[in-house]
Ligand code: FES
């Protein structure tokens with residue numbers, strides 16, 4: 001199994017906040033249909049809600065800050 005760090009997708013867990021995904025990834029719903037992520041502040045970055053309060057699940061909408 002190859003472990004080229006430059007080509008790996010990285011997920012960073014922010015406690016009480018989002019899971020930040022950097023790298024190629026496809027997000028799908030329960031039916032297997034792709035879900036388009038909202039525009040990211042940092043291009044190529046996707047944030048999944050880890051706090052449960054987002055109104056745009058599965059994506060983070062910043063509600064964890066309140
Ligand atoms: S982690 Fe940001 S709204 Fe849940």
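The values are calculated or read from the model by the stated rules, or taken from the named source; none is laboratory data. All values reported here derive from a predicted model rather than from experimental measurement. No Cβ is skipped: glycine too gets one built from the backbone with ideal geometry, and neighbour counts run over all protein chains shown.
Here residue 64 meets each of (1) assigned to a helix (DSSP H, G or I); (2) without any contact (Cβ under 8 Å) to a residue 12 or more places away in the chain with one exception, condition (2).
Residue count for segment 1-58 satisfying the condition of being at pLDDT 95 or above, touching a helix residue (DSSP H, G or I) at 6+ places or on another chain (Cβ under 7 Å) and either loosely packed, with under 10 Cβ neighbours inside 10 Å or assigned to a strand (DSSP E or B) (or both): 1.
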